[in-house]
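Student: I have a structure I would like to understand better, so I am pasting it below and will then ask my questions one at a time.
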């Protein structure tokens, strides 16, 4: 299950407030790392990349966060590398009681990359948290084609920003009226 969205920090802050008022959550950076140490924060409003420019010109390369219950341990998987050595994965495979959040963001000067809320898991907790986020998004965002668009993101779109999965994508893949 997955919900695609275009949102700015101003669009997402009320979503985090609404969901976190009912659920105590933690956000852990996902990925494949050289160390087994995790980087976890206790509020969506503290996501380091939320207010920063998108670090990559493609949404698929932007940071993703594992959303779990606050205090729940995050399991880190060892991933042997073909070239030798070990990397450490933070993902849903070893953490089924979670969802994945990607905020997307503005890639300067005038591109807004999409984000997403999703889960490959159907545990009661992941289903409950997914529904909490998607319910808040559905109530606050506009539904345009396959995306949910926050009010500030919609304003940027009206001002001429591209709402797209990647700056390299042909304009025919941009969100269109």
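The values are calculated or read from the model by the stated rules, or taken from the named source; none is laboratory data. On a predicted model such as this, the values are computed, not experimentally measured, just so you know. Here Cβ is always computed from backbone atoms with ideal geometry, including for glycine, and neighbour counts include all displayed protein chains.
Student: Given the condition more than 17 Å from the chain's Cα centre (by Cα) and without any contact (Cβ under 8 Å) to a residue 12 or more places away in the chain, answer yes or no: does some residue in the stretch 38-60 qualify?
Tutor: no
Student: Just checking: which of the strands (runs of 3 or more DSSP E) contained wholly in the stretch 100-151 hold 1 or more residues that are under 12 Å from residue 6 (Cβ atoms), out of contact with any strand residue (DSSP E or B) (no Cβ under 7 Å at 6 or more places or on another chain) and modelled with pLDDT of 95 or more?
Tutor: Values: elements: 105-107, 111-113, 115-118, 142-144, 147-149.
Because the criterion is at least 1 residues that are under 12 Å from residue 6 (Cβ atoms), out of contact with any strand residue (DSSP E or B) (no Cβ under 7 Å at 6 or more places or on another chain) and modelled with pLDDT of 95 or more, the strands (runs of 3 or more DSSP E) in the stretch 100-151 that meet it are 142-144.
Student: Which count do you get for residues in the stretch 38-85 that are in a strand (DSSP E or B) and closer than 25 Å to residue 168 by Cα? Let's see the steps before the verdict.
Tutor: Of the residues in the stretch 38-85, the ones in a strand (DSSP E or B) are 40-41, 58, 65-69, 77-80.
Filter once more, so that each one left must be closer than 25 Å to residue 168 by Cα: 58, 65.
Counting residues in the stretch 38-85 that are in a strand (DSSP E or B) and closer than 25 Å to residue 168 by Cα gives 2.
Student: Which members of the stretch 12-42 meet the condition of being within 21 Å of residue 119 (Cβ to Cβ), in contact with a helix residue (DSSP H, G or I) (Cβ under 8 Å, 6 or more places away or on another chain) and surrounded by 14 or more Cβ atoms within 10 Å (Cβ to Cβ)?
Tutor: 12, 15, 16, 18, 19, 20, 23, 25, 27
Student: Identify, please: which residue in the stretch 16-31 is in contact (Cβ under 8 Å) with a residue 40 or more places away in the chain and outside any loop (DSSP other than H, G, I, E, B) and is, among those, farthest from residue 129 (Cα to Cα)?
Tutor: Taking the stretch 16-31 first, the residues in contact (Cβ under 8 Å) with a residue 40 or more places away in the chain are 18-19, 22-31.
Retained after the next criterion (residues that are outside any loop (DSSP other than H, G, I, E, B)): 18-19, 25-29, 31.
On the way: 18: 12, 19: 8, 25: 9, 26: 12, 27: 12, 28: 15, 29: 17, 31: 21 Å.
Among those residues, the one meeting the criterion is 31.
Student: Could you grab me the full set of residues in the stretch 1-15 that are part of a loop (DSSP other than H, G, I, E, B) and within 13 Å of the chain's Cα centre (by Cα)? Give the steps one after another, and end with the answer.
Tutor: Applying the first criterion (part of a loop (DSSP other than H, G, I, E, B)) to the stretch 1-15 yields 1, 7-8.
Those that are part of a loop (DSSP other than H, G, I, E, B) and within 13 Å of the chain's Cα centre (by Cα): 7, 8.
Student: Counting only residues that are under 27 Å from residue 136 (Cβ atoms) and crowded, with 16+ Cβ neighbours inside 10 Å, how many does the stretch 76-96 have?
Tutor: Final tally of qualifying residues: 4.
Student: Out of everything in the stretch 165-177 that is surrounded by 14 or more Cβ atoms within 10 Å (Cβ to Cβ) and out of contact with any strand residue (DSSP E or B) (no Cβ under 6 Å at 6 or more places or on another chain), what residue ends up being nearest to residue 58 (Cα to Cα)? Please lay out each step first, then the result.
Tutor: Within the stretch 165-177, the first condition is being surrounded by 14 or more Cβ atoms within 10 Å (Cβ to Cβ), and the residues that meet it are 165-167, 169, 174-175.
Applying the additional criterion that residues be out of contact with any strand residue (DSSP E or B) (no Cβ under 6 Å at 6 or more places or on another chain) yields 165, 169.
Working: 165: 6, 169: 9 Å.
The residue in question is 165.
Student: Taking the stretch 43-72 only, how many residues are modelled with pLDDT of 95 or more, in contact with a helix residue (DSSP H, G or I) (Cβ under 7 Å, 6 or more places away or on another chain) and within 18 Å of residue 11 (Cα to Cα)?
Tutor: 3
Student: Can you say whether residue 35 is in a loop (DSSP other than H, G, I, E, B), farther than 21 Å from residue 20 by Cα and modelled with pLDDT of 95 or more, as far as the supplied structure shows? Give the derivation first.
Tutor: Numbers: in a loop (DSSP other than H, G, I, E, B): yes; farther than 21 Å from residue 20 by Cα: yes; modelled with pLDDT of 95 or more: yes.
Judged against the criteria, residue 35 is a match.
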